[in-house]
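Since every read-out is calculated from the coordinates, none of them should be taken as a lab result. Since we're looking at a predicted model, the values are computed, not measured. Cβ placement follows ideal geometry from the backbone for every residue including glycine, while neighbour counts extend to all protein chains displayed.
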Amino acid sequence: DKFYTPGHRQVAQPWMDNLRQTCNQVDTIERHMKYLRCLQHIEELSAAVQQCLMTSSIQEAIKAVDSMAVLDCGLNQSGCSHLQNFLRETLCFWHKIIKDRLASDFEKILAQLHWPIISPPTQSPIPAANYQEISSQLELLVTQLLALQTSLPNHYKGQFMAPPLCLPIQIMLLPLRRRFKYHFYGNRQTNSLSKPEWYLTQVLMWMGNNSAFMEEKIQPILDRAEASFSARVELCRGLLSLVQEKVASDASRLLYDDVLFCHLVEEVLQFEKELRSNHLYPAVLPGLLHLLLEDAVLQKWLTVEKKMAVEKMDAMLSAEGAWSSQYKDISDMDELKAPDCAETFMTLLQVITERYRALPCPSAQLKFLELQRELVDDFRIRLTQVMKEESRCPLGVRYCAILNAVNYISTILGDWADNVFFLQLQQAAVSHGEEMVLRGQGTMEVGRLASLEGSLFDGLLALLDRLKGDMLGRLLEWTMREITEKAKPYCQDRWLSLPSQHDQSTMTLSSTACPMMLCVRDRLLNLHNVLSLSLFQLAWQGLAERLDNFLYQNVILCNHFSDGGAAQLQFDMTRNLFPLFGHYCKRPENFFKHVKEACLILCLNVGSAILLRTLLNESEEEMRDWTGAGDPSPEAALNELGVYCLAPCDVLILLSLRTSWPGQ
């Protein structure tokens, strides 16, 4: 380097420039030579294909075409667009010629095998005399067509969103495609927008009629060729493409006709169901449902679904038998006693669910779920309006039918909240952050939904439960109003002057209690007949609680009792009132704790009553200094007597109502 001076560099620079220019020229010439050699190779392959076709060496021609396809792949990164276009044009040219020749021979063989099978065969076809030869030719042609398909240019393959149908199936579909176009396009009577079932049913029939042929004749050939697809599924996929194109065209033309649009949707859903169940079409492959998810079509579906649901709600609420149950004469089927309008409404919602259940998009399903929630809330508001009209007579049949309707809807929604399908939708709503479904939900509520502690129906259930509680409260209020009116003579009975009766077997119900007891009995029977089982449970327990409080406050605390009066009160309660509720539970006295324990205190023998009063009085005076030693605590003493509900101060009041004390 010490001898390499700037002068040397100046002298050598022209030589270096000349050398670089010469190298560039050599590279250019080399690239041109490679270009020409590649062009020559293409022409040689093209000539080879031509020669093979002239000598009917189809298999060799396919190999040469396949070599062109390999060369095409190698040129992808070359940038030689003109050369690659020339190669692809040549490849497509020979590919079409070979395909046409094979297709012609293939169609002749298929015709000898009576393909396609348009209608169900009445009897098995008699094999031709040269059946073995036909089968061999069939296998050869299918194998050659499969091999030819692998030589398709890459840009041609890339045009398909899904893998293209295998070449033999494409050819087999041609006669069916021609029939479909002939019957269901143009001015043919069979091409009717009002009858989509005609072409949908026809395609399903073709699938069914030809499935055996595909499995028996074509599938074994595909298996020997190590093809990784099902001949039957490929046929269904090809036929499905015809239907997809037709449905998409019809749907766009029916957006302004509600009736025909609904009919098309129903038929598409039925087609999809049969396709998956009867023809075992794989779930991973699209059917027709994705066509219903197009924005315009989906919005139209939602709009029509809501419109028709509202119309049906109007009709079901105004129907003559809207508030009667269709199972009223079948006791073991009428536990919920749901009126027809409520049952019809929930059936309507269930039908909507069945329609959108199969949609392949959770976001679309959630839109239908939101529609269902709107319809439930609308129906709740309508029930509330009818209830207000009937609130003047809460004991009437219609008011109770409305209450049954609210309870029935609440019960069904509670079941839906635990249903796997709706739980999956709930998870989808949380994971996708669906604003429409989650609107109004706080962070805590969304967290409960994510952990499955809550449900998407919680808001509706809360509103329905509130309405049910209000209606049941009003019903019991009116019932108690009637009972208290009948109980006035009983409240004013001469409890203080009733003589003592030592033999209870001779005792009878107080005459003043009869109207009240009859009213309680009749109301219980009526509520049992008109309310659902779960509602009646709430009703009789609520009535028992109110009646217990009423009798304690208005009969017991408002009177003084002789021994005879206390015994009569206990007899009326334990032998007459409690058994009225004994039809609905094993221990009805547990629902009348105040009355039961008050009767027990009033009927204590004198000695026990004196001891108890003394204990309670001392306890009250010495409460602060009570240590628990010596005498038992007041609560323990009361518990020994069977008193758990009444407080010691209440027991003292009851003891003061007794008149049978020594010296009195």
Q: Mind pulling the angle between the C-alpha long axis of helix 58-74 and the longest principal axis of the chain? Nearest 10 degrees, somewhere in 0 to 90.
A: 80
Q. For semi-axes √(5λ) of the Cα gyration tensor in Å, the listed values are (1) 64, 29, 28; (2) 121, 84, 21; (3) 91, 36, 22; which was obtained by calculation from the structure presented?
A. (3)
Q) How far, in degrees from 0 to 90, does helix 196-213 lean away from the longest principal axis of the Cα atoms of the chain, to the nearest 10? A) 70
Q | Cα-centre dipole for the chain with unit charges at Cβ (Lys and Arg positive, Asp and Glu negative), debye to 20 | A | 2000
**Q.** Pairs from K195/K217; K217/K273; K181/K312; K108/K181; K300/K337; K34/K63 whose Cα-Cα separation, in the structure shown, is over 30 Å
**A.** K195/K217; K181/K312; K300/K337
Q. Just going by the charge dipole of the chain, with Lys and Arg at +1 and Asp and Glu at -1 on Cβ, which of P120, Q270, A283 is farthest out on the positive end?
A. P120
**Q.** Options L239, G186, A338, ranked by Cα towards positive dipole end of the chain, top entry (Cβ charges)
**A.** G186
Q) Near the amide H of F561, under 5 Å away, which other amide H atoms are found, from residues 5 or more places off or on another chain, if H is placed in the peptide plane? A) R658, T659
Q. So how tilted is helix 258-277 from the main axis of the chain? Cα-based, degrees 0 to 90, rounded to 10.
A. 80
Q | Span from the segment 85-111 Cα centroid across to the segment 33-66 one, whole angstrom | A | 15
